[in-house]
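In what follows, a single structure is set out as structure tokens and then discussed.
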Amino acid sequence: MPRPDFNDLLWFLAVTEEGSFTRAAAKLGVVQSTLSHRIKRLETRMGIRLLARTTRSVSTTEAGERLRRSLAPRVCEIEEEIASLMELREKPSGSVRLTLSHHALERLVWRKLRPILSDYPDIALELNIDSGFRDIVGEGFDAGIRLGESIGNDMIAVRIGPDWRLVAVASPTYLAANPAPGHPQDLLRHNCINRRLETAGGLYAWEFEKGGKELRVRVEGQLTLNDDATMIDAALHGHGIAYVPEDMVVEPVASGDLILLLDDWSPRFSGYHIYYPSRRQNLPAFRVIVDALRYRDV
């Protein structure tokens, strides 16, 4: 059997990572027809079908999945070894891919990483917005950024921000027509702005805590969103009660445009952490990123 071209194997991995010929072609910088031809050539040389194609998606066959699981860690090891060799250069170089939420990016991460672009021109940075948990190893990410309490024990985790909390807020206009809730269960009588979870697709049950007692309330309302900024705008315009990160409503609460509700019931969450497998920690470019993000309580 003719030996497969190594580049064909890399392109195969790109398709499995993206789940789409279109996205994989864009990532590789080639036209889709060329990528499709190379994958068909690989399948022909191996004499086995690796991908199941439909008009809407691409998935691996049983053989394709076995090949992906075998190739991915080996390619990762090669990339890491090359990156470690780059330490011999004067400046760290290489690419770093992170998965994180929009809130983490906007309120914390971007301002810390922005100087990296000018200070380390040989470091290529990719920030992938996704609020759900991802298989960072299997999907080719170097690290993820999530709340500390959500991170598995098999990962190294470094704190990058302080603890924070979600708070319930509403406008004076809304509260003029609807008495303020004194207890989380009172929210069931209010028009609340629901949050759609990106990963599971369900609605977020608002979490409260007081005196060691935890409580979850599944609220109802006219509006459902998955974007904090729009939730805040809706609350400012009197469309209901929003449950949003406190750091995003400091100014409207201070000005009186929004009223803080159930303040003593709002629990604190463990702050954002960057998490990653142990083998990433010795790569120079990655160390630069972690050091820039590291939380320093001053």
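The values are calculated or read from the model by the stated rules, or taken from the named source; none is laboratory data. These numbers were taken from a predicted model, which means no experiment stands behind them. When we count neighbours, we look across all protein chains shown, and the Cβ atoms used for this are built from the backbone with ideal geometry, even at glycine. These accessible areas exclude ligands, DNA and RNA; they are computed on the full protein's heavy atoms, side chains included. Shrake-Rupley method; radii C 1.70, N 1.55, O 1.52, S 1.80 Å.
Within region 190-206, being open to solvent by 40 Å² or more (accessible area, probe 1.4 Å) and at pLDDT 95 or above holds for one residue alone: ASN191. For region 19-60, the set of residues classified as within 19 Å of GLU139 (Cβ to Cβ) and not aliphatic (A, V, I, L, M) consists of GLY19, SER20, PHE21, THR22, ARG23, LYS27, SER57, SER59, THR60, listed by residue number. All told, PHE286 meets the bar of being under 20 Å from the mean Cα position of the chain (by Cα) and either crowded, with 20+ Cβ neighbours inside 10 Å or among the hydroxyl-bearing types (Ser, Thr, Tyr) (or both). Checking each residue in region 73-93 for being modelled with pLDDT of 80 or more and of a type in the set (Lys, Arg) picks out only ARG74.
Taken as a whole, region 269-285 holds at least one residue that is closer than 30 Å to PRO115 by Cα, touching a residue at least 12 places away in the same chain (Cβ under 8 Å), touching a Phe, Trp or Tyr at 6+ places or on another chain (Cβ under 7 Å) and part of a strand (DSSP E or B). What is the one condition in (1) closer than 30 Å to VAL249 by Cβ; (2) in contact with an Asp or Glu (Cβ under 9 Å, 6 or more places away or on another chain); (3) buried (at least 17 other Cβ atoms within 10 Å of the Cβ) that VAL109 does not satisfy? Single failed check for VAL109: (2).
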